[in-house]
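Peer 1: Below: one structure in structure tokens.
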Amino acid sequence: MLDRSSDTQPSVPMDALSEVLQDFRLSGVNYGRCELQHPWGIAFSEQPLLRFHFVSSGPCWLHTEADGWQQLSDGDLVLLPQGVAHKLASEPDVPCGALNACQVTQFGGNVCGVVRGGTGATTTLFSGAMSLGAHALHPLIALMPAIIKACDVAARDPMLAPLLAGMTTEATQPRMGGATILSRMAELLTARMIRCWVDCTDNSTTGWLAAIRDLNVGRALAAIHRDPGKSWTLESLARVAGQSRSVFAERFSMLLGEGPAHYAARWRMRLAQEWLRQQGTATADVAFRLGYESEASFARAFKRVTGQSPGAVRREVSGRNDMVFGQ
């Protein structure tokens, strides 16, 4: 790799968790406004996307394999950070079909309308999926539960209630640009709910959250995530952490179960895997972004960590679907 080290200590904020959280960029929002009349049911397959559902009005139940059926009320917003398979229905046990059984109207861009015919009570629902890019692989996402409800974390953020009220107003009083505004509000709510969940999570003694909250190790973790292409060494990371090599290495390994160099290499290659799967991203470009002197040296390091060649990853079918819900 190129030598991007510096003799000066980098400026790293003391709040390492905020440093990492600000890297989450919610993009590629696919968004749908649904008018569904009872009886209705839609099944959503598992996909590597953060999903959200906002119930504006009407009956709605959510089902996951782990938690079974849960009733959602008017104004409820739920996140599914890991995109697990789930169902939405007007009542439990209503037969659930794929989205293509509904009438879908494209409004433009990534916004559409969904209608499912029935004769009973109407449910107005706003649903969609967001891409986290490479950060979909982030350790924080893996730590989150399958479902996060706004009502469970709202006490941590006084802004959640007004934002939800604003979404309800936009949903029930459609105006020009309303779809775009609702989409932006969903992004903001998602970001704030992720932060609330982190605040609500118990302080464990080991693991990624414990490490990022550690005054010294957290500074080093934030530096790795902020600049993955730097030639991080034990010495340079210990300097960022403000500790001796031996103390830092022992503390890092105790919290995360692996050494700093191994963690940095794994994170670098997880980013590389995501970039290689993005259409049009050349292996040489990925190698340069991650600080490698040549494509060949990057390919050797990539295969050593992942067990695959960059070319093999590029040829994989990602299985991602750009539709609002996925099939």
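Since every read-out is calculated from the coordinates, none of them should be taken as a lab result. What you see is a predicted model; the values in this text were computed from it and never measured. We place every Cβ from the backbone using ideal geometry, glycine too, and count neighbours over all the protein chains shown.
Peer 1: Please give me the summed charge of the neighbours of residue 69: other residues whose Cβ is under 15 Å from its Cβ, Lys and Arg +1, Asp and Glu -1. It would help to have the intermediate numbers written out before the result.
Peer 2: Numbers: positive: 87, 149; negative: 65, 67, 76, 91, 93.
Result for the neighbourhood of residue 69: -3.
Peer 1: Please get the size of the charge dipole for the range 206-315, origin at its Cα centre, with Cβ charges of +1 on Lys and Arg and -1 on Asp and Glu, quoted in debye to the nearest 20. The partial results should precede the final answer.
Peer 2: On the way: 17 positive and 9 negative charges, 39 e Å.
In total the dipole reaches around 180 debye.
Peer 1: Let me ask another. Which of rounded, prolate, oblate describes the range 171-260, given a ≥ b ≥ c as roots of the alpha-carbon gyration tensor eigenvalues and a/c under 1.5 marking rounded, otherwise prolate only if a/b is larger than b/c?
Peer 2: On the way: a/c = 4.81, a/b = 2.43, b/c = 1.98.
Prolate shape, in that a/c is at least 1.5 and a/b is the bigger ratio.
Peer 1: Could you work out the equivalent-ellipsoid semi-axes for the range 209-294, taking the square root of 5 times each eigenvalue of the Cα gyration tensor, largest first, in whole Å? It would help to have the intermediate numbers written out before the result.
Peer 2: Details: eigenvalues 143, 33, 19 Å².
Result for the range 209-294: semi-axes of 27, 13, 10 Å.
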